[in-house]
């Protein structure tokens, strides 16, 4: 109304200028200032910023930017690189966030840096003082931060959450998730849903109890918590909010009290369903003979009401898991177009080797197909019951013996796909899945729980299935379950995947390359050697008319620690710790001519 | 000779003239002009015998040097600043006595032989300075704190112990505090800075008695003594740079 009044009082020539000013103001306000819920929900559609790990709350990791595309990507060159410094290197599994002229990136050993978006210069850093007694199972990684209001929030290896002022790096609030001496730690990126900070727990190898918690993102105050092991009480605003499931329905005796199901990879969110989708880890201990039953809600996707913290539905991939097939993998909402209909669906490439497509409103199984070449433990999934058709591949019961009989099983416990997130392109209709081809010898051992100690009851050793490759980036058509193309990599793939409207798919390799592929054909179009293995999550943003791609480099993660024979194959990869940023090459001559 | 070097020379003369306005340092510290420029720029400073630092002449343990500061006899002290000229991190603490006496005892880490100075700012804005030389074998700031070897802080971080007793002259009471904290300087390789940066004392009614900001050089598991006026229980609250907080009540 007020702008109309102004327009009527000025000459026609000025109206244009006013409109121009208003447009400029609205553009800058779209990516500056405090981060709001609306901005987070719209993250996937705003190429000037990256406000969420997953590039949007659904976690599709799809960018609408097209300047870097399958034609121009050959000219992609480094713009700058930032070293994480110090002696603390190891795995860098993080994704950068971009907002208000700053890049926020986390690193190994619970560190976080704010960088100048244009130059890569360090603005401030936060290094968490870690106690000596931390027990992260699978390397000292961190998978990214969350932005909300004027805060950057991330979790630490001693199971704390730290909220920092985005401008100064000063601590605004800190909260303890749980006692690190009990085996708890935190490595995932938190998720923001309606002003709440959504987090899980790590520590599934130590008999912790998995749960999802929602805190007020501005203050850290707890709003609700929802355990992911049946029998435990949930809370809402400090009051009891019903136990998860029914005590002892799928767990015998007291084992649920240390039942695992760690929610160590965080969650995605579907605004249209108001559901938070969280994957859960293996039940504890690994030796399944100790815990007959389905052991809900382990190895599942759990859909939780964002407002009241209640479980609306769950789907379990590996009932009574015996192979450490954590079901933590990200559940990505997408619109499934099949037989002329559009279904509100979600997909998950599970550690157990199945690519599941579920109805995201009610959890009903729509399809399940293998995305790896070999699955010894199950021959398929019964679409009526939603349960796997098992093929008698469980290791023997040790009873009182020192060691039960061993079996060879595939995938290995490091999974057909592990933590590294896949991507979905609405443009090609394909999921891009970073898979690995390996199996394991696995056997059981007797076990009793001891606080803070590894709680496995199993022994294992990993073996590659093929001589020439372990990693395979696969394009999966969710409508048919067919693999449309694949790229084979000698070392196991351990980094996140991103896809763009420029018909590109990006991912990193332990050999040190960031690579770009044609999204339709899988043809390798570009690669760059970053100096250390890439196990980070690539992302992209636009600034001043140029598109940038950024990825963390630094070899580590679970493979060198748990990889058996594979660990030997990758032991000569150099460690590192840096963040690389790329853009299209522009010759100096061209820049001068433009001016 | 062109005119340009002449201008440069003039600037140099001007700079040394303004530096000459600083009173000569009775401690003859090589870092005096740096310290003065950093903490007292554009302000009036005066060396004053009423401002005292008591410390051993030689540091037996460079990680834990006991120091007592006092500006008794100086009216209206608003703030007391303690610096060690030749430490890699000079600023040790700043203290607002408010309703307490302008005196404090603490322990700190010393890197090499250095002057320890206390500057007391009175209501008129003048900084009154006193200090002593401390000789030290060194290494206190770049050595990992005991905390990295002694895991006690990992279970007892920010645990407060304290004791109150009446002053000898019956004008108030003395409070001694000990807080469990590694007080890492960030200079030891691989250990990030991690230290208590604020402690506030208040009485039972919530009236603030004194406010203290501590920095990296304060010793691990800080031991602090305050001279308070009045009597009764004292509320202690504080926190470190990573958002961990503590509070305790110390009763006589």
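Quick notes
- Residue match in the stretch A:102-114 (condition: over 28 Å from residue A:527 (Cα atoms), crowded, with 22+ Cβ neighbours inside 10 Å, more than 18 Å from the chain's Cα centre (by Cα) and away from every other protein chain (no Cβ under 14 Å)): no
- Residue list for the stretch A:83-98, filter: surrounded by fewer than 22 Cβ atoms within 10 Å (Cβ to Cβ) and away from chain B (no Cβ under 14 Å): A:83
- In the stretch B:214-237, the residues that are away from chain A (no Cβ under 14 Å), crowded, with 18+ Cβ neighbours inside 10 Å and closer than 30 Å to residue B:60 by Cβ: B:214, B:215, B:217, B:218, B:219, B:221, B:222, B:224, B:226, B:227, B:228, B:236
- Taking the stretch A:292-307 as the range and being surrounded by fewer than 23 Cβ atoms within 10 Å (Cβ to Cβ), on the phi < 0 side of the Ramachandran plot and out of contact with any strand residue (DSSP E or B) (no Cβ under 6 Å at 6 or more places or on another chain) as the test, the residues that pass are A:292, A:294, A:307.
- If the condition is being more than 20 Å from residue A:84 (Cα to Cα) and either surrounded by 22 or more Cβ atoms within 10 Å (Cβ to Cβ) or out of contact with any strand residue (DSSP E or B) (no Cβ under 8 Å at 6 or more places or on another chain) (or both), then the stretch A:139-157 contributes A:147, A:148, A:151.
- Enumerated strands (runs of 3 or more DSSP E) restricted to the stretch B:103-203, each holding at least 1 residues that are within 13 Å of chain A (Cβ to nearest Cβ): B:196-202
- Screening residue A:412 on (1) part of a strand (DSSP E or B); (2) buried (at least 20 other Cβ atoms within 10 Å of the Cβ) shows it passes everything except condition (1).
- Single unsatisfied condition, residue A:467 versus (1) within 30 Å of residue A:258 (Cβ to Cβ); (2) without any contact (Cβ under 8 Å) to a residue 40 or more places away in the chain: (1)
- Single match in A:86, A:56 (criterion: out of contact with any helix residue (DSSP H, G or I) (no Cβ under 8 Å at 6 or more places or on another chain) and within 28 Å of residue A:557 (Cα to Cα)): A:86
- Qualifying residue in the stretch A:474-487 (condition: surrounded by 23 or more Cβ atoms within 10 Å (Cβ to Cβ), more than 21 Å from residue A:68 (Cα to Cα) and over 20 Å from the mean Cα position of the chain (by Cα)): no
- Here the strands (runs of 3 or more DSSP E) wholly within the stretch A:298-404 that include at least 2 residues being in contact (Cβ under 8 Å) with a residue 24 or more places away in the chain and closer than 21 Å to residue A:424 by Cα are A:300-305, A:332-338, A:341-349, A:354-359, A:365-370.
No value in this document is a laboratory result; all are computed from the given coordinates. What you are looking at is a predicted structure, and each value in this text was computed from that prediction instead of being measured. Backbone-built Cβ (ideal geometry, glycine too); neighbour counts: all protein chains shown.
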